[in-house]
Amino acid sequence: MNAVIYDKPASELYSARNSLKPTNFYCDAPSAKSVQIAGDFNQWHPVPMHQRVDGWWFIQMLLPHGHHQYHFLVDGQPTLDPQASGTARDDDNHPVSLVAVS
């Protein structure tokens, strides 16, 4: 019999679906004053990214297994990620980037 922790069997607690994986996001916008990331993984609330010395903007986020929609906000303007796994449309039919986490 599986142990039950937090009302879930141990087999579910340790599955890939429930684990979080560090996921790196990079945005090439060296002249931007600010870059943020917003996605389905943070309820579309923008989170500031940090500019590196090479001009690229960076953030690492812990994401669960699956496909996630997101976009960058470069000086407030929604911007697709050219490095994304693909593109899709959000609930308002706006284009968004996709990242696959496995």
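When residues of the stretch 84-102 are filtered for being modelled with pLDDT of 95 or more and of a type in the set (S, T, N, Q), how many remain?
Qualifying residue count for the region: 3.
I need the full set of residues from the stretch 35-86 which are of a type outside the set (Val, Ile, Thr) and out of contact with any strand residue (DSSP E or B) (no Cβ under 7 Å at 6 or more places or on another chain), in order please.
Filtering the stretch 35-86 down to residues of a type outside the set (Val, Ile, Thr) leaves 36, 38-46, 48-52, 54-58, 60-73, 75-78, 80-86.
Matches in the stretch 35-86: 42, 43, 54, 55, 75, 76, 77, 82.
Looking at the stretch 73-99, which of the residues that are small (Gly, Ala, Ser) and closer than 16 Å to residue 29 by Cα is least open to solvent (accessible area, probe 1.4 Å)?
84
Here are some conditions: (1) touching a residue at least 60 places away in the same chain (Cβ under 8 Å); (2) farther than 27 Å from residue 19 by Cα. Residue 35 meets all but one. Which one does it not meet?
If we test residue 35 against (1) touching a residue at least 60 places away in the same chain (Cβ under 8 Å); (2) farther than 27 Å from residue 19 by Cα, just (1) comes out false.
So how many residues does the stretch 61-97 have that are under 13 Å from residue 42 (Cβ atoms) and free of Cβ contacts under 8 Å to residues at least 12 places away in the same chain?
Selection size over the stretch 61-97: 0.
In the stretch 74-102, what residues are closer than 16 Å to residue 36 by Cα and either of a type in the set (Asp, Glu) or more than 13 Å from the chain's Cα centre (by Cα) (or both)?
74, 75, 76, 77, 78, 79, 81, 82
The values are calculated or read from the model by the stated rules, or taken from the named source; none is laboratory data. Remember, it's a predicted structure, so these values are computed and weren't measured experimentally. Quick reminder, even Gly has a Cβ in these numbers, built from the backbone with ideal geometry, and neighbours come from all protein chains shown. Surface areas here come from the heavy atoms of the whole protein model, side chains and all, with no ligands, DNA or RNA. Shrake-Rupley method; radii C 1.70, N 1.55, O 1.52, S 1.80 Å.
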